[in-house]
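One structure is given here, and the rest of the page talks about it.
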Amino acid sequence: MAIEIRSATTGDAGAIQRIYAPFVLATAISFEDQPPSIDEIAGRIVSILKTHLWLVAVDGGEVCGYVYASAHRERAAYRYSADTTVYISPEAQRRGVGHALYAELLPRLKQRNIHMAFAGIALPNPGSVALHESVGFTPVGIYSEVGFKLGRWHDVGWWQRML
Ligand SMILES: CC(C)(COP(=O)(O)OP(=O)(O)OC[C@H]1O[C@@H](n2cnc3c(N)ncnc32)[C@H](O)[C@@H]1OP(=O)(O)O)[C@@H](O)C(=O)NCCC(=O)NCCS
């Protein structure tokens, strides 16, 4: 499998929207409840690339997954900490794409002096937990019932990876 990993552009917003929207509509993996439009995603790409990183995985010319890093929190002392988010299209899952994206993202974050990466995972999500632990994230703790979506409360587990 020849997966290309490259920086996202606004031209990827449509493919990213197609990957992300079904998870927003049908699951509590994302805590958004309305899928963002393609324009909104393009705006998010521009905004995140100003300060952090957004990578896409391309297979056979098609974007099949993405990972991005964004500010963990806004106050100045948090500036060396980032949150990471990863989504892979269902057809491309379990083929090493998430792992390949993180293998590219984490060293690039380190080059930018990011010290700690955090992943917040709505539980249960054994695939995401396993992916993050496979690239060196370790568990921090759980925010109990911090989100309400699809008629019930959801816990979020936090994992961290020192760079
Ligand atoms: C979670 C997700 C990002 C994993 O990405 P992926 O490309 O499928 O993961 P990879 O193929 O790179 O897997 C790397 C390792 O993670 C683990 N893993 C990944 N998916 C797994 C699953 N469903 N069950 C158990 N382990 C899993 C395995 O250890 C795997 O290595 P292996 O295949 O050699 O055993 C992907 O399933 C996904 O996009 N899910 C829906 C959205 C989501 O949950 N995003 C995360 C939000 S926190």
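The values are calculated or read from the model by the stated rules, or taken from the named source; none is laboratory data. Predicted model, so just to flag it, every value in this text is computed and none were measured. Cβ sites come from the backbone with ideal geometry, for glycine too, and all protein chains shown count toward neighbours. What goes into the accessible areas is simple: the full protein's heavy atoms, side chains included, and nothing from ligands, DNA or RNA. Shrake-Rupley method; radii C 1.70, N 1.55, O 1.52, S 1.80 Å.
Overview of results
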| read-out | value |
| --- | --- |
| Environment charge of ALA42, counting only residues whose C-beta is closer than 15 Å and scoring Lys/Arg +1, Asp/Glu -1 | 0 |
| In nm, spacing of pseudo-spin labels at LEU49 and TYR80 (7 Å Cα→C-beta vector) | 2.8 nm |
| Neighbour cut-off at most 10 other Cβ (10 Å), DSSP loop, GluC sites (Glu not before Pro), segment 1-107 | GLU74 |
| Residue-averaged 222 nm ellipticity for the chain, from DSSP H runs of 4+ at -39500 (n - 2.57), nearest 500 | -10000 deg cm²/dmol |
| Trypsin sites (Lys or Arg not before Pro) lying in DSSP loop within segment 76-163, provided at most 12 other Cβ fall within 10 Å | ARG94 |
| Rounded accessible area per residue of the chain, 1.4 Å, Å² | 54 Å² |
| Phi to ³J(HN,Hα) by Karplus 6.51 cos²θ - 1.76 cosθ + 1.60 over segment 79-87, Hz, x for Gly, Pro | 5, 9, 10, 9, 9, 10, 9, 9, 9 |
| ALA26-SER134 FRET efficiency (beta carbon distance; Förster radius 22 Å; 0.05 resolution) | 0.30 |
| FRET efficiency for GLU62 and ILE142, using Cβ-Cβ distance with R0 set to 45 Å, rounded to 0.05 | 0.80 |
| Estimated FRET transfer efficiency when R0 is 30 angstrom, pair ASP39-LEU150 (beta carbons, to 0.05) | 0.70 |
